[in-house]
Amino acid sequence: MSTAVDDGLIRRNPCRIKGAGDDRSPERPVLTVREVLQVADVMPSRFRMLVLLTTFTSLRFGELAALRRMDVDAEAGFVRVHQSQAELSNGQLIIKGPKSAAGRRRVAIPGALLADLRSHLAKFSETGPDGLAFVGEKGGRLRRQNFRDIWVAGLSEADVPAVHFHDLRHTGNTLAAAQGATLRELMERMGHASSRAAMIYQHISKDRDRHIADGLSARIEDAREQA
């Protein structure tokens, strides 16, 4: 319709929605690495790794709830994502595939977490390659609502800002971007086919800007020494 206006075929575009072109989504809160570790350390032991993987692999709660031992390589340090758990309005839990091909991915796990991950698999995961990596305190599947109370209590005990559990994924994406991850790398890590969500994390922070400037400074000094 805008093209029709430009071509003079119609006088005005009847399909305009005021404010629809503005992206004014509120900035989601981000925890520091120290704060993430503080929360993880006060959580019940079986949920500690859930907090750490959500943050440092950017997996969604449903993806972690559906994760099986065969999907986790605690030696090579990566996790395969190919399904997710969803909860219907009637409380039924279902396992489904990702919304797009991009949702099927392999995500690297920071080496600093691997010893803890191996310990978690040995103590808290179901047995056998098809066993769930994360289960509730009574051995059942994880449920968002049940876990929410545990999460809120952990935030309070750790004395860190009140954030939603999903904000850990946002924190992880922000940390990955600060490490210099490209747009494509962020998309693959997040499991997104579109670049729109990944671009949120491409904004320049003061710390990252200083890192870039320091790198350029080193190049200048090297050039001067070689002159």
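Show me the helices (runs of 4 or more DSSP H) found entirely inside the range 171-227 where at least 1 residues are at pLDDT 75 or above and aliphatic (A, V, I, L, M).
Output list reads 183-190, 206-226.
Taking the range 106-128 as the region of interest, how many residues are in contact with a strand residue (DSSP E or B) (Cβ under 9 Å, 6 or more places away or on another chain) and either among the charged types (D, E, K, R) or assigned to a helix (DSSP H, G or I) (or both)?
Number of matching residues: 4.
State whether one or more residues within the range 88-108 are buried (at least 18 other Cβ atoms within 10 Å of the Cβ) and more than 20 Å from GLU185 (Cβ to Cβ).
Checked the range 88-108: no residue is buried (at least 18 other Cβ atoms within 10 Å of the Cβ) and more than 20 Å from GLU185 (Cβ to Cβ).
All but one of (1) of a type in the set (Gly, Ala, Ser); (2) surrounded by 12 or more Cβ atoms within 10 Å (Cβ to Cβ); (3) at pLDDT 90 or above hold for GLY140; state the number of the condition that does not hold.
The single condition GLY140 does not satisfy is (2).
Consider GLY131 against the criteria (1) touching a strand residue (DSSP E or B) at 6+ places or on another chain (Cβ under 7 Å); (2) without any contact (Cβ under 8 Å) to a residue 24 or more places away in the chain; (3) more than 27 Å from MET187 (Cα to Cα): it satisfies all of them except one. Which criterion is unmet?
Unmet condition: (2).
Please work out which one of (1) closer than 19 Å to VAL33 by Cα; (2) exposed (fewer than 11 other Cβ atoms within 10 Å of the Cβ); (3) touching a residue at least 12 places away in the same chain (Cβ under 8 Å) is the condition LEU114 fails and give its number.
(2)
Give the residue that is modelled with the highest pLDDT, with candidates limited to residues of the range 49-106 that are among the hydroxyl-bearing types (Ser, Thr, Tyr), under 21 Å from HIS164 (Cβ atoms) and more than 13 Å from the chain's Cα centre (by Cα).
Across the range 49-106, the extreme among qualifying residues is SER84.
Under the condition of being charged (D, E, K, R) and part of a helix (DSSP H, G or I), which residue from the range 150-170 is surrounded by the fewest Cβ atoms within 10 Å (Cβ to Cβ)?
Ranking the candidates gives GLU157 first.
Looking only at the range 140-158, which residues are in contact (Cβ under 8 Å) with a residue 24 or more places away in the chain and over 20 Å from PHE61 (Cα atoms)?
The answer is GLU157, ALA158.
The values are calculated or read from the model by the stated rules, or taken from the named source; none is laboratory data. Since the structure is predicted, the reported quantities are computational estimates derived from the model, not experimental observations. Note that we place each Cβ from the backbone using ideal geometry, even for glycine, and neighbour counts take in every protein chain shown.
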